[in-house]
1. Out of (1) at pLDDT below 90; (2) farther than 28 Å from Ser3 by Cβ; (3) outside any helix (DSSP H, G or I), what's the single condition that is false for Pro103?
2. Find the residue count for the stretch 40-78, including only residues that are in a loop (DSSP other than H, G, I, E, B) and on the phi < 0 side of the Ramachandran plot.
3. Looking only at the stretch 2-39, which residues are assigned to a loop (DSSP other than H, G, I, E, B), of a type in the set (A, V, I, L, M, F, W, C) and closer than 18 Å to Val51 by Cα?
4. Can you tell me which residue among Val49, Val80, Val28 is closer than 27 Å to Ser3 by Cβ and touching a residue at least 12 places away in the same chain (Cβ under 8 Å)?
5. With the requirement that a residue be in contact with a Cys (Cβ under 9 Å, 6 or more places away or on another chain), charged (D, E, K, R) and over 14 Å from Lys76 (Cβ atoms), what does the stretch 30-48 give you?
6. Give the residues of the stretch 75-87 that are under 16 Å from Gln45 (Cβ atoms) and either in contact with a helix residue (DSSP H, G or I) (Cβ under 7 Å, 6 or more places away or on another chain) or modelled with pLDDT under 90 (or both), sorted by residue number.
7. Could you list all residues from the stretch 8-41 that are among the aliphatic types (A, V, I, L, M) and either touching a Leu at 6+ places or on another chain (Cβ under 9 Å) or surrounded by 14 or more Cβ atoms within 10 Å (Cβ to Cβ) (or both)?
8. Given (1) in a helix (DSSP H, G or I); (2) surrounded by 11 or more Cβ atoms within 10 Å (Cβ to Cβ); (3) within 12 Å of the chain's Cα centre (by Cα), where does Leu82 come up short, assuming only one miss?
Amino acid sequence: MLSQVVFRKSTPKTLASADAVLSILPHVKEPGFDEDNEEQEEGLQCIAVPVFDRFGHVIAGLSISFPGMRCGADTKAHYVALLKEAGRAISAQLRHLDNHRAPHRALCRVCPVMRAP
């Protein structure tokens, strides 16, 4: 899929190749969110979480953007928690949790944001 993408650097932090994008994917799955740290526009940050369908496939993303200078670690952690909660709620409306009953949900590798606490 990425072989057809034309990568254009918007800032010095922009991911400029398919290899660069693929290299971050293992670091996104476990925490269940990712962030754009001035990759699109200098001074702008973005946090995003996935939205899952009933089969556990990512079908959308939910994100917020904000000026980096207004966001400390505590604020960012708060935003991540709110986004994860909203992503879970939307996914549940799409019947994602129906497919992830107790034993399976705890072991689910498809969607780490859905794991039981």
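The values are calculated or read from the model by the stated rules, or taken from the named source; none is laboratory data. Because the structure is a prediction, the values reported are computed rather than measured. Counting neighbours? That spans all protein chains shown, and the Cβs are built from the backbone with ideal geometry, glycine included.
1. Condition (3) is where Pro103 drops out.
2. Filtering the stretch 40-78 down to residues in a loop (DSSP other than H, G, I, E, B) leaves 40-43, 53-57, 71-72.
Now drop any that are not on the phi < 0 side of the Ramachandran plot, which leaves 40-42, 53-55, 57, 71-72.
Residues that pass the stated criteria total 9.
3. Once the filter is applied, which keeps residues that are assigned to a loop (DSSP other than H, G, I, E, B), of a type in the set (A, V, I, L, M, F, W, C) and closer than 18 Å to Val51 by Cα, the stretch 2-39 yields only Phe33.
4. Only one candidate passes the filter, namely Val49.
5. Glu39
6. Thr75, Lys76
7. Leu15, Ala16, Ala18, Val21, Leu22, Ile24, Val28
8. (3)
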